């Protein structure tokens, strides 16, 4: 198997060395070159045509955002940006994703050895994930067999959406297309750290017809409003007979790979809403959401998955499809229509 060829762009010689060592430690990855700034990064990207680029944001001269713009004008190469765990880091990272970056990794070099090891494993996993995007034509052929129309007779009271890699861009296409008179609550669970989810909810609130906010403990689920699960913790759906459904924010299970966990949110949604739930799984690596969709289906709910051809990473939707749980598999641009039709 050919190795994944990576170009590392960072103005710090120390970071270039560390990132190169991290990636080269995996036998499936080879760092073919490094660049010291955005200008050099663009030049080397066009000359070498790597499979993946890692990109620092803050660099003198041409910064990472400007370099992403220049690369995307000329060639679509998957780019993973490095971000800081802060509100400003979240804002800049979301801007990079809007401009075409495929994913991000938070820098933890100054923290504990455990954090550095986590960063290494996350970086390697994401490089492999964004490099494995299939040819669009092949993916379209495979997707067609799943595009049958599904009818659902139960009223949908809650739409629960799960996403990961590529999710921010996908959600910024889906949610603004949902009309303000939709008669269902919507909850979004996306793999993001703390600070990022609040910044993302604020960003969505600007572009959507529906009000969007980061969920708070005890907050009620209301038709025509979108809640975003906060990062670093789990969002569960609870119901009592007097006040209706509300969100419960807590740490359990603490050993979950992802916080927030899509499975946790969807399983608890199925317990409360039973057949009145629509589960939507969007682009992302891994299989979080599959067990949540299984719980929704078991209670009589309905499931929609994003198709392979429109995914940044066809991991989570693939898991749902291969488990035989998807009622409908459609391109990203048709998901708003499916939500409106089923609700």
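The values are calculated or read from the model by the stated rules, or taken from the named source; none is laboratory data. Computed from a prediction, not measured in an experiment: that's the story for all the values here. Using ideal geometry, Cβ is built from the backbone for each residue, glycine included, and neighbour counts are taken over all protein chains shown.
From the residues in region 273-311 that are within 23 Å of residue 337 (Cα to Cα) and in a loop (DSSP other than H, G, I, E, B), which one is farthest from the chain's Cα centre (by Cα)?
So, considering only residues that are within 23 Å of residue 337 (Cα to Cα) and in a loop (DSSP other than H, G, I, E, B), the one farthest from the chain's Cα centre (by Cα) is 300.
Condition first: closer than 21 Å to residue 292 by Cα and buried (at least 24 other Cβ atoms within 10 Å of the Cβ). Now tell me which residues in region 191-209 satisfy that. Break it down stepwise before answering.
First, pick out the residues of region 191-209 that are closer than 21 Å to residue 292 by Cα: 191-193, 197.
Within region 191-209, 191, 192, 197 qualify.
Looking at region 249-272 only, could you name the residues that are more than 21 Å from the chain's Cα centre (by Cα) and part of a helix (DSSP H, G or I)?
Correct list: 270, 271, 272.
How many residues does region 51-67 hold that are in contact with a strand residue (DSSP E or B) (Cβ under 6 Å, 6 or more places away or on another chain) and either farther than 23 Å from residue 92 by Cβ or surrounded by fewer than 17 Cβ atoms within 10 Å (Cβ to Cβ) (or both)?
Here the count works out to 1.
Determine, yes or no, whether residue 212 is surrounded by fewer than 20 Cβ atoms within 10 Å (Cβ to Cβ), in contact with a helix residue (DSSP H, G or I) (Cβ under 6 Å, 6 or more places away or on another chain) and within 13 Å of residue 226 (Cα to Cα).
For residue 212, the condition - surrounded by fewer than 20 Cβ atoms within 10 Å (Cβ to Cβ), in contact with a helix residue (DSSP H, G or I) (Cβ under 6 Å, 6 or more places away or on another chain) and within 13 Å of residue 226 (Cα to Cα) - is not met.
Return yes when residue 313 is at pLDDT below 95 and under 17 Å from residue 190 (Cα atoms) and no when it is not.
yes
Which condition breaks for residue 298 when tested against (1) at positive phi; (2) out of contact with any strand residue (DSSP E or B) (no Cβ under 7 Å at 6 or more places or on another chain)?
Among (1) at positive phi; (2) out of contact with any strand residue (DSSP E or B) (no Cβ under 7 Å at 6 or more places or on another chain), residue 298 violates only (1).
Yes or no: residue 43 surrounded by fewer than 16 Cβ atoms within 10 Å (Cβ to Cβ), over 30 Å from residue 173 (Cα atoms) and either in the same structural domain as residue 121 (by TED's automatic domain parsing) or in contact with a strand residue (DSSP E or B) (Cβ under 6 Å, 6 or more places away or on another chain) (or both)?
On the way: surrounded by fewer than 16 Cβ atoms within 10 Å (Cβ to Cβ): yes; over 30 Å from residue 173 (Cα atoms): yes; either in the same structural domain as residue 121 (by TED's automatic domain parsing) or in contact with a strand residue (DSSP E or B) (Cβ under 6 Å, 6 or more places away or on another chain) (or both): yes.
When the stated conditions are applied, residue 43 passes them.
So, in region 33-49, exactly how many residues are farther than 14 Å from residue 65 by Cα, outside any helix (DSSP H, G or I) and in contact with a helix residue (DSSP H, G or I) (Cβ under 9 Å, 6 or more places away or on another chain)?
4
Where in region 180-248 are there strands (runs of 3 or more DSSP E), lying fully within it, with 3 or more residues that are closer than 24 Å to residue 106 by Cα and in contact with a strand residue (DSSP E or B) (Cβ under 8 Å, 6 or more places away or on another chain)?
Values: elements: 185-190, 212-214, 226-228, 234-240.
Strands (runs of 3 or more DSSP E) meeting the threshold: 185-190.
Only one residue in 249, 257, 281, 262 is surrounded by fewer than 22 Cβ atoms within 10 Å (Cβ to Cβ) and under 22 Å from residue 102 (Cα atoms), so which one is that? Lay out the reasoning, then the answer.
Working: 249 fails: under 22 Å from residue 102 (Cα atoms); 281 fails: surrounded by fewer than 22 Cβ atoms within 10 Å (Cβ to Cβ); 262 fails: surrounded by fewer than 22 Cβ atoms within 10 Å (Cβ to Cβ).
257 is the lone residue from the list that is surrounded by fewer than 22 Cβ atoms within 10 Å (Cβ to Cβ) and under 22 Å from residue 102 (Cα atoms).
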